[in-house]
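What follows is calculated from the coordinates using simple rules that are stated; it is not laboratory data. Quick caveat: nothing in here was measured; it's all calculated off a predicted structure. Cβ placement follows ideal geometry from the backbone for every residue including glycine, while neighbour counts extend to all protein chains displayed.
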Amino acid sequence: MFPEKFRIPLGDWVNQAIEWLVATHGARFEAFAEGLLVVLLALEQTLRSLPWWVVIAAIGLLALAATRKPLKSALLMAAMFVIGLFGLWDLAMQTLAIMLVSIGICGVIGVPTGILMSFSRRARTLILPLLDVMQTMPSFVYLIPALMLFGLGKVPAILATVIYAAPPLIRLTDLGIRLVDKDIVEAADAFGASRWQKLTGVQLPLALPTIMQGVNQTTMMALSMVVIASMIGARGLGQEVLLGIQRLDFGRGAEAGLAIVALAIVFDRITQAVASSDRNGRRPAG
């Protein structure tokens, strides 16, 4: 047995830190949660109030613009139609709202962080271990401080999803910018471009296919959190899977699982098509 005298009370230190956060910054966390919840509920209400055929048509047009393939667009529309056939349309819209908000937050955090890492070796050295922890730490562990800070509901589910899903976008943004051809960057320097002009006119456009791959991976990882998020009150399709487990109702779980797969296929094909079109056909601005 390992000597008890060498034990480090890390758990106690973490609990004390969380208690300090709740005691000193609880009001700020509550205000943040209320603001985020307002945005989420507005988006959710909009999606749920739209006619089903409008949502499917919008996804079809978006897929057509991304893929340029009418058949693939029709198949993605059919995937969404299947969700309605299972009677899970309303729950799917709740899941879609949580997904869109989570991916949006991942983008706001991930892209600037990846840019910072690509420009600063010191920042990259500090952030990489944190990303490793975020990706390897069991997702249930995230839920404990999230519940302590925000309580049950959709906000802690979004927070846990962001922590789990943001690392791929950060890593691939960093990688994409660092892989931009040095000769092109030197040519921009020769023309007197500022750092901001190089970033927005040269590096980001050329790195966009890699960044979109990061968006794709982040989206897939966010979807994988749907069932776990339902355990703390996020509802949506994950709730049906959870009920199927609790009641040993395989049919109910299978329907919800297939609906989640359908959403994953739609997100995956559209983001993959955008990344592929940027790599093969579009030229960077500037």
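Over all distinct Cα-Cα pairs of the range 11-280, the Kirkwood formula returns a hydrodynamic radius of 20.2 Å. Based on DSSP H assignment, which helices of the chain show an axial Cα extent of at least 20 Å together with a mean Kyte-Doolittle hydropathy greater than or equal to 1.0? The qualifying helices are 52-67, 70-85, 89-119. Packing, taken as the mean count of other beta carbons within 10 Å per residue, orders the peptides 206-219, 160-173 from highest to lowest as 160-173, 206-219.
Averaged over residues, the count of other Cβ atoms within 10 Å places the peptides 93-105, 114-126, 131-143 in the sequence 93-105, 114-126, 131-143, highest first. What separates the Cα centres of the range 7-40 and the range 105-147 is a distance of 18 Å.
Extension gain, Val38 to Leu50, is 2.5 nm, computed as 0.36 nm per intervening residue step minus the present C-alpha separation. When you restrict to C-alpha pairs under 8 Å that are six or more residues apart and normalise by the size of the range 11-280, the relative contact order lands at 24 percent. Judged by the mean number of other Cβ atoms found within 10 Å, the most tightly packed of the peptides 254-265, 42-53 leads the ranking 254-265, 42-53.
Here each label is just a point 7 Å from Cα along the line to Cβ, and for Asp181 and Gln16 those points are 5.7 nm apart.
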